[in-house]
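The values are calculated or read from the model by the stated rules, or taken from the named source; none is laboratory data. Worth saying up front: this structure is predicted, and the values here are computed from it rather than measured. Don't worry about glycine lacking a Cβ; one is built from the backbone with ideal geometry, like all the others, and counts go over all protein chains shown. Each accessible area value is taken on the protein alone, full model and side chains, heavy atoms only, with ligands, DNA and RNA left out. Shrake-Rupley method; radii C 1.70, N 1.55, O 1.52, S 1.80 Å.
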Amino acid sequence: MLNLICTTVLIEKSPQALPLGAACVASAIKNSSKTKELFSPCVLEFCLESEEIKSLVSSIGPGQVKNASGLHTGRYIAQKIASQKPDAVLMSIFVWNHIILEECARELKKICPKVLIIAGGPETTANPFNFEGIDFAVAGTGEGAVPELLFKLVEAEFFAEDFSYKNNAVLFSEFNIPGVFYLGGKNLSRSTMGRMENFSRTIPLPPEKLSSPYLDGTINIENYDGVLWELARGCPFKCSYCYESKGEEHVSYFPMERLEKELELFSSKKIAQAFVLDPTYNANQERAIKMLDLIRQKAPEMFFYFEARAEFIDRKLAKAFSRINCALQIGLQSSDEKVLEKVHRTIDKKKFIKNTGFLNEAGVVFGFDLIYGLPGDNLKGFKNSIDFALSLYPNNLELFCLSILPGTKLADDAKKFGIVWERTPPYHVISTPEFSESDLEKAARLARATNLFYTQGRAVSWFNCILYHLKSKPSVFLDKFEKFLHQGKVTLSPRPSPFEIRKIQKDFVAMEFKKQKMDKFLPVVFDLIELYGALSDADGEGKTSIIKLNYSPESLLSEYAQDLPFFISTQNPRRNKTKVFPTPAGADFTIL
């Protein structure tokens, strides 16, 4: 049996960090009639947050070349892989690990000149000719193409001791497997980039023919805190900034029988959460509700994250979501119809407001994504999008700089829009005619401040209340907070604790209320920040807290607490210590 390693580099340690792509291909090799008797595949993942890699990166001195940490990490990984004496290595390449794995491939070829290196993943699919050190690039899904390629290589005696690349280059180029390209370890990008706009992709296997890396043991889920759960492939939408802009227009759904077995496995292993991989979960409402009912029956204790479109949410679907433990992430991207039109998206604001209102009505946790740097947008427009988003009470707001991903429709159109962007990962926009470089930096700082104060600060329950009394728009308030941070008035640890964040929130809110001579409301505002923060900690992290309050928690959780003048005129202070703790039914509290 030939030793085959399927590898990737994860960006972080989290319940959502799992080498699913590499594992799917490894599972396909294990189950293919052509390769199961020839190869012994294993999954070997690395993580940028591992102690070994963090230590390696921290040892890099100042003055190093750009991407020095990626190059050092790539060489380190190459040595680790080489120690396993592989006959073949498959690399799953994403934006965040492109530089690392490309350097890993170059280094591996120095250490083990005869090792076969195959690259796949989103970055390879976008441009299979943009890599050094690899032998074959796979554009598209790999479960069908990779076993076929490996079988043909065995037939060509690639793994024989006396094999010669030189004598077989023509043979490899004639394999004629759609989406598979022979590069021979060379860098073809300098001569082909800009000319290779169209190339074939692999022929995807239908979902019913794909083996499950969970059910066949390729992934030992007991080693992870959560799972990535794939329900469908393809997307009915063609947003031009997304890899799917040139992907499968047809949505293929995995068989319900397989999904039911996976759910039963997750539940039996007591997996805490699953991130659902389906770009538009609610595109098919009937199937979406059927899946939610199945989750409620098979894994009621698990927590699920979904990606959804607001256009397809109604009261019935919102209620179905409310019956399970879940959160939704909704791609708003911008509130400007003309900006969205340039990237092949649409928005009906009235419908968006109405449908997200169903989620609030049903008590469903949801958040929005926004992108800054979109063609036609500017700093003012980005702030308007923040104001629109936060007026709808999302539990979180994720803000991203636009990336011009290679192989997307937007990459084809970027020059037409006058966009200047990085040509290496992460491909961030540097400037547009409407969004200057300095304004993009301002947007980046505002995004960080918003994330800290609103999302990490779990401010949804009281944020719009304090803005109402300050008579401030969200973007104006958060812009002031960014300056408060930027002027060095606070010191933050790299990963601030909830306690640190709440202290910063209270310090800044106190400053703003005092400017408007509203100091008398601060005891109530501080109580709201502390109580809702502790409740969120209990729900989100299962954390127990003891907090000091000026008013009773029951009165603070009433709707009247949001009307600060009315509240202080009708409620007497009642200083207390309150214990907030998690329960199976949700966060609860008791006055000590």
Using the Kirkwood radius built from alpha carbon pairs, what does the Stokes-Einstein equation give as D for region 491-587 at 37 °C and 0.692 mPa s, in µm² per second? 229 µm²/s
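With a cap of 16 neighbouring Cβ atoms within 10 Å, and only residues DSSP puts in a loop, list the GluC sites (Glu not before Pro) found in region 1-92.
Details: sites: Glu12, Glu37, Glu45, Glu49, Glu51, Glu52; in loops: Glu12, Glu37, Glu49.
Those satisfying the criteria are Glu12, Glu37, Glu49.
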Need one number: nm distance between label points at Glu341 and Leu492, each 7 Å from Cα along Cα→Cβ, rounded to one decimal. 3.7 nm
Identify, among Phe131, Gly533, Pro113, the residue whose Cα sits farthest towards the positive end of the charge dipole of the chain, taking +1 on the Cβ of Lys and Arg and -1 on the Cβ of Asp and Glu, with the dipole about the Cα centre. Gly533
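Roughly speaking, what is the stretch gain from Asp216 to Asp507, that is 0.36 nm per residue apart minus the C-alpha to C-alpha distance, in nm to one decimal? Don't jump to the answer; show the numbers that get you there.
Values: separation 291, 0.36 × 291 = 104.76 nm, distance 5.32 nm.
Difference between extended and current length: 99.4 nm.
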Measuring from a point 7 Å past the Cα of Ile289 along Cα-to-C-beta, which residues in region 301-316 have an amide N at less than 16 Å? 312-316
If R0 is 25 Å, what FRET efficiency do you get for Lys416 and Asp348 from their C-beta distance, rounded to 0.05? 0.40
Accessible surface of the chain, 1.4 Å probe, proportion on carbon and sulfur as whole %: 51 percent
Taking region 333-380 as the region of interest, what is the percent of Cα-Cα pairs per 5 angstrom bin, listed from the shortest bin to the one with the maximum distance? 5, 18, 25, 20, 16, 10, 5, 0
Treat every Asp and Glu Cβ in region 412-551 as -1 and every Lys and Arg Cβ as +1, leave all other atoms uncharged, and give the resulting dipole magnitude about the Cα centre to the nearest 20 debye. 540 debye
Kirkwood Rh in Å, taken over region 401-511 so that all alpha-carbon pairs contribute: 16.0 Å
Would you list, by chain and number, the lysines whose Cα falls below 29 Å from the Cα of Lys269, excluding same-chain residues fewer than 8 positions away? Lys13, Lys30, Lys36, Lys209, Lys261, Lys290, Lys298, Lys319, Lys543
Let me spell out the model: positive unit charges on the Cβ of Lys and Arg, negative unit charges on the Cβ of Asp and Glu, origin at the Cα centre of region 348-420. What dipole size does that give, in debye rounded to 20? 240 debye
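Once you charge only the Cβ atoms, +1 for Lys and Arg and -1 for Asp and Glu, what is the size of the charge dipole of the chain about its Cα centre, to the nearest 20 debye?
Charge dipole of the chain: 1620 debye, to the nearest 20.
In µm²/s, what is D for region 251-345 at 4 °C and 1.567 mPa s, where D = kT/(6 pi eta Rh) by Stokes-Einstein and Rh is the Kirkwood radius from Cα pairs?
On the way: Rh = 14.5 Å.
For these conditions, the coefficient is 89 µm²/s.
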When the helices in the chain are scored as -39500 (n - 2.57) per DSSP H run of 4 or longer and the sum is shared across all residues, what 222 nm value do you end up with, to the nearest 500 deg cm²/dmol? -12000 deg cm²/dmol
Here FRET efficiency (C-beta to C-beta, Ser83 to Ser438, R₀ 60 Å, nearest 0.05) is 0.80
Towards the positive end of the charge dipole of region 19-164, with charges on Cβ (+1 Lys, Arg; -1 Asp, Glu), say which of Gly142, Phe158, Phe46 has the farthest Cα. Phe46
Taking a straight Cα-to-Cα line shorter than 16 Å from Lys517, and setting aside same-chain aspartates and glutamates fewer than 8 residues away, one finds Asp507
Solvent exposure of region 495-592 as accessible area per residue, Å², 1.4 Å probe: 54 Å²
Rounded to the nearest 5, what % of DSSP beta bridges with both residues in region 351-497 are antiparallel? 35 percent
Residue list for region 450-485, given a label point 7 angstrom along the Cα-to-Cβ vector of Met518 and an amide N cut-off under 11 Å: 464-473
Out of every Cα-Cα pair in the chain, what percent are more than 34 Å apart? 48 percent
Placing +1 on each Lys and Arg Cβ and -1 on each Asp and Glu Cβ in the chain, then taking the dipole about the Cα centre, the residue among Ile81, Phe521, Leu294 whose Cα reaches farthest towards the positive end is Phe521
Surface accessible to a 1.4 Å probe, per residue, for the residues of region 297-450, Å²: 43 Å²
Rank by packing, highest mean first: peptides 550-557, 301-308, 524-531, with packing defined as the count of other Cβ atoms within 10 Å averaged across residues. 524-531, 301-308, 550-557
Would you calculate the convex hull of the Cα atoms in region 306-412 and tell me its volume per residue in Å³? 100 Å³
Can you give me the pair-distance distribution of region 1-125, C-alpha pairs, 5 Å bins, whole percents? 2, 11, 21, 23, 20, 13, 6, 2, 1, 0, 0
